[in-house]
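Since every read-out is calculated from the coordinates, none of them should be taken as a lab result. Nothing here was measured: the structure is a model prediction, and the numbers come from that model. Here the Cβ positions follow ideal geometry from the backbone for every residue, glycine too, while neighbour counts run over all protein chains shown.
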C-alpha cells in the first residue's frame with residue numbers, strides 16, 4: 001500500500017557544497033568545455049552571488065534543482081577565484097593528478113593560468129603539487145569493470161586552500177513539490193515469488209506505467225499523477241510475473257490530496273570521497289552545532305543517503321542505508337542530550353535514480369551522488 005496521502009510543497013533554503021576539483025577528459029589537457037570559463041572582462045564583473053540566478057525557482061519533476069546546482073558547480077573556477085580575489089590572505093595549492101602520472105602538471109598549470117590571467121590572482125599565492133592517483137571510490141575489491149570510471153576520477157586538479165572558509169557551501173532557494181517525503185511506497189511481500197512486477201496507475205489525468213521492478217519495494221512520486229488536481233482518486237493495477245511465467249494481478253485504490261499550505265525547510269547536502277558510511281562522522285560537528293539547533297518542536301527531519309553507480313546494487317543500497325542511519329544517530333543523540341523529541345526519518349536509496357540523483361556520466365556527478373541529504377521541515 002502507498003504510504004503517502006498528501007502532497008506537501010516546501011520553500012527550501014539549501015546549502016550546496018562545491019566539489020574542490022576540476023576533472024579532465026581523457027586525451028585532452030584543456031579544461032573541459034562543460035566548465036564555465038569567463039573572459040577577462042566577464043571575470044572582472046563576476047561575483048558569487050550571480051549564481052543565485054541559477055538556483056532560484058520552482059523545482060518540478062521535469063526540471064530539478066539538481067540540474068541547476070550542477071550549473072553552479074561548473075563555475076567552480078570562478079567561485080574560488082572570486083573568493084581569492086576578496087580574501088588576499090588565502091593561499092592555494094593545486095594538486096594535479098593523472099591515472100598514468102603523466103599529465104598532472106599540465107592540468108594544474110591550466111587551472112593556475114586561468115586564475116592568474118583572467119582574475120588577476122597573484123601567481124605567488126598559487127603552488128602546484130603533482131600527486132599520484134588514488135582510488136576515490138570503492139575498495140581494493142572493486143570490480144575491474146569499473147576501472148575506467150575510477151581512472152576518470154583521478155584525471156583532475158584538486159584545490160587545497162590555506163583557509164577552511166574557502167570551502168563554504170553556496171546557499172540557494174527553491175520551491176519543491178516533488179521532495180522525497182511525498183513519495184508513495186508500493187511493495188510486495190517477501191514471501192511472494194516473482195521475476196518482476198509492474199504497475200499501471202489510473203486517475204483523472206489518465207494512466208501512467210511504472211516498472212518493471214526487480215526488488216520488493218519501490219518509491220513513486222505522485223506529482224505527475226496530481227498535475228492540476230487538489231484531490232485525486234486512483235487505482236493502481238499491480239501485475240506480478242511469477243517464476244513459472246504466470247501472472248497475478250491486484251488492484252489498489254487510494255486517494256491523494258495536495259496540502260494547500262506551503263512549509264519552509266532547510267536542506268543540507270553532505271558529500272563523501274570514499275565508500276564508507278562512517279565518513280559522515282566528519283560532519284558530526286556541523287550536524288550538532290549548525291543543523292540540530294535549527295530543529296524545533298513540531299519540525300520533522302528527513303535524512304536520505306545515495307551512492308554512485310560504481311559497485312553493485314545490493315552493496316550500494318546497504319551503504320546508502322548506513323549513511324542515512326549514521327546521520328540519524330548523530331541527530332537523535334544530540335536531540336537526546338538536549339532532551340528534545342523530534343521525528344527523524346532515515347532512508348537509503350542506493351544507486352536508484354531519483355530527483356535527487358546527479359548525472360553519473362561524468363566523475364563530478366558520481367562524486368556528488370556519494371551523499372547524504374539532511375532536511376529539516378518546519
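Quick notes
- Filtered residue count, segment 91-137, keeping only those that are over 30 Å from residue 45 (Cα atoms) and either without any contact (Cβ under 8 Å) to a residue 12 or more places away in the chain or not in a strand (DSSP E or B) (or both): 13
- For segment 126-135, filtering for residues that are over 22 Å from residue 149 (Cα atoms) and surrounded by fewer than 16 Cβ atoms within 10 Å (Cβ to Cβ) leaves 2.
- Flag if residue 336 is assigned to a loop (DSSP other than H, G, I, E, B) and out of contact with any helix residue (DSSP H, G or I) (no Cβ under 9 Å at 6 or more places or on another chain): no
- Residues (part of a loop (DSSP other than H, G, I, E, B) and surrounded by 14 or more Cβ atoms within 10 Å (Cβ to Cβ)) located in segment 242-272: 242, 272
- Residue within segment 163-185 that is more than 27 Å from residue 269 (Cβ to Cβ) and either buried (at least 18 other Cβ atoms within 10 Å of the Cβ) or free of Cβ contacts under 8 Å to residues at least 40 places away in the same chain (or both) present: no
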